[in-house]
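What follows is a set of notes on a single structure, which appears directly below.
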């Protein structure tokens, strides 16, 4: 198991005053409205241990309304991010051995980072409330395996060996539950000491072995029950910092352009004063050039077939003007060979990218080509439907986003980072809903190897199979600061809009499954749906309706909505849904349209109310006997005169 993030907390970072502890899983989603603070949560976590050395910029990162106090009150010593990590088993064993404590005490480590970039690493969870009995049994089993290979045991007579084996087999007898207490651990230690005194006499090797490989280990568990403080060392802190995951953050800011002006790229790479958006773009360009295994300087130099001769300098030795001079034949050949090599390198990189990209992107087969020409570097894309190369910027924004994210992930997670956590801000926002569904599935697969935390307000990216790991991010109406909660109904007044994507996702899930195995019947409006559901419930109650399929009445919003809805419903299988229309003028006209059009071969599925009554202009309400409706009207409105006294049969 890799070292993994368990939870994190953000302090005084941008819009966040102090978040709750946010527990994370392999695949976590933060939902919320725009400006709720989702991005700030991810950026704070990213700057805990960024894969690309993203800087901490107090001018951008410290809360703006408090910035006047930043230098005056020495806030550079403030912690802005804290996170709990579960260390991998190998590191747990190594640290527990070095610090002479039990593994459970250092299993979880707290890592904090300050605005000045320094880290604070500690093991504050040294107190263990209970131990699973499996921990004790594992300790005893390991002890047995070592003991039975020791000369001090194998050279003893058979009788003593049997006595020792019988005792070891019953060491855990005092523990009767799945977890054991401090008192039970102390009783076991006492029993071992008594056994050694009674059976080993003046022997030294066996008592020492019991003490070193069993008693001391169980004593460490007792120390853990007492919460004995764990003091770290510089070496331990460096080991932890080296093992905690790197964070890869990606947002739309980093999307690549199709045409890249190389002199500007070379200049930006040397600057340390770029803004956040410019840094994001420069970072994606950096991973692009790393992927093609060429620097922008190399591509630029290889693209020039002229050499520059400086003709005039000013008094500060700065160039005022220059001219280009033709190359010699040898120089031309040299440049030609270099350009050919560059072309082969770019074609090779593009081919590898095309192969790898197909494994991730499910919306089509794309072919990439890198073209370098003088001052410019271009990314062209073609596919099986459109074989002509088109600039990346001319393709969909969804493809641009996924391509850029793909490069960042592929390069930054492979740059010596054995463990990486992905932080994605509003991923796939420009993707088609079906592509967003595919992206959500892709995230599930991706999270098998890399922990993933992403923000979204799209219902198509809220994984209903992973709802326990969805957190609501909202703005507290009293303080104006960002709040986070895993309880999606917590503070419903402020969080209602933030959790709307979850409501919408639930609706999509229900609509996806509602009609499976059901008999759908389209009706004109919601009132028709209500009346027919009441009739259905009544008939089911009397035993007169015994249908193997659930009947679902779906309102279409009038006859005009019937056409599109019949296509949507029928797309679930090959059969058309039933249609029940009012026997009024509009209903009869639409009935003719359906029977001569889409329902030409399924006329029996187009029904009208009059079929169940008699000739006339009837509506759904007329299916309910007047004797049932009249008393309800009189009870509801309680007028001076009863409707029952004035009702004329045949006119209702």
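What follows draws every value from the coordinates through simple rules; no lab data is involved. Since we're looking at a predicted model, the values are computed, not measured. Cβ sites come from the backbone with ideal geometry, for glycine too, and all protein chains shown count toward neighbours.
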Could you sort the peptides 555-563, 195-203 by per-residue average Cβ neighbour count (10 Å cutoff), highest mean leading? 555-563, 195-203
Calculate, in nm to one decimal, what residue 592 and residue 383 gain on full extension: separation in residues at 0.36 nm each, minus their alpha carbon distance. 70.8 nm
How big is the range 131-226 by the Kirkwood estimate over distinct Cα pairs, in Å? 13.7 Å
Quick note on 368, 402, ordering by fewest other C-beta atoms within 10 Å, gives 368, 402
Given the Cα-Cα distance of residue 216 and residue 152 and 0.36 nm per residue of separation, how much length would full extension add, in nm? 21.1 nm
Can you check what the Kirkwood hydrodynamic radius comes to for the range 6-116, Cα pairs only, in Å to one decimal? 15.7 Å
Simple SL model, points at 7 angstrom along Cα→Cβ for residue 432 and residue 354; separation in nm is 2.2 nm
Based on the inverse mean of 1/r over its pairs of different Cα atoms, what is the Kirkwood hydrodynamic radius of the range 172-250, in Å? 15.9 Å
Taking 7 Å along the Cα-to-C-beta vector as the label spot, tell me the residue 141-residue 241 distance in nanometres, rounded to one decimal. 3.8 nm
So for 221, 1, fewest C-beta neighbours within 10 Å to most, what's the order? 1, 221
Taking only the Cα positions of the range 151-300, the convex hull volume per residue in Å³ is 274 Å³
FRET efficiency estimate (nearest 0.05) - Cβ-Cβ, residue 444 to residue 633, R0 41 angstrom: 0.15
Rg/Rg_ref, the range 515-637, where Rg_ref = 2.2 N^0.38 Å and atoms are Cα: 1.11
If the label point sits 7 Å along Cα→Cβ of residue 226, residues of the range 158-201 with amide N under 18 Å come out as 181-191, 193
One finds, for residue 267 and residue 205 with R0 = 51 angstrom and r their Cβ-Cβ distance, a FRET efficiency to the nearest 0.05 of 0.10
Could you line up 184, 412 from fewest to most neighbouring Cβ atoms inside 10 Å? 184, 412
Need the full-extension length gain, residue 339 to residue 476, defined as separation in residues times 0.36 nm minus the C-alpha distance. One decimal, nm. 43.4 nm
